[in-house]
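None of the figures in this text is laboratory data; all of them are computed from the coordinates on show. If you're wondering where the values come from, they're calculated on a predicted model, not measured in any experiment. Every residue, glycine among them, receives a Cβ derived from its backbone with ideal geometry; neighbour counts consider all protein chains shown.
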């Protein structure tokens, strides 16, 4: 661009490089496009960003609309606790029979005998759990209490190492 003295300046409006020297005799040109001022890379970059944002909004709207139209039904689910009375007031006694096993090697527990059963606990399901260190279950036996008598026996298969057993739990339900 040139000043009033005719000196040529290499930069045109907004500090952009002039494509040709300024000539006062020429008729004014149409206003320059935004691409001229911002440069082609800025203009296209802005166009890409706007297109990406609009595309993202469109995709989000479509997914949200489809998710809102899903129908889901479910059976009811509930949880609760209740105190239940024991089938007998007296304590049960559990003893286990140990036998020597050369295959183990050592003593194993294969049978637990529960004594002190009252008539109110007859014909009810039971579960006996033998536990080890940190109350970890070593094995479980299930069955039904007898319809008469004061004792019943539960068999563990395979037999458990007697040295590992540190506790016994008996549950009679029903």
Checklist line | Sequence ranges 127-134, 57-64, ranked by mean other-Cβ count within 10 angstrom, highest first | finding: 127-134, 57-64
Margin query: Under the 0.36 nm per residue contour assumption, what length would be gained going from the current alpha-carbon distance of residue 95 and residue 50 to full extension?
Written below: 8.3 nm
Next item on the list: For an R0 of 41 angstrom, estimate the FRET efficiency from the Cβ-Cβ distance between residue 103 and residue 173 and round to the nearest 0.05.
Entry: 0.75
Check: Expressed as a rounded percentage, what relative contact order does region 91-174 have, with Cα pairs under 8 Å and six or more residues apart?
Finding: 35
Check: Given labels modelled 7 Å from the Cα in the Cβ direction, how far is it in nm from residue 155 to residue 85?
Finding: 3.6
Notebook entry, point to check: Using the beta-carbon distance between residue 122 and residue 166 and R0 = 22 Å, what value does 1/(1 + (r/R0)^6) give for FRET efficiency, to the nearest 0.05?
Noted result: 0.15
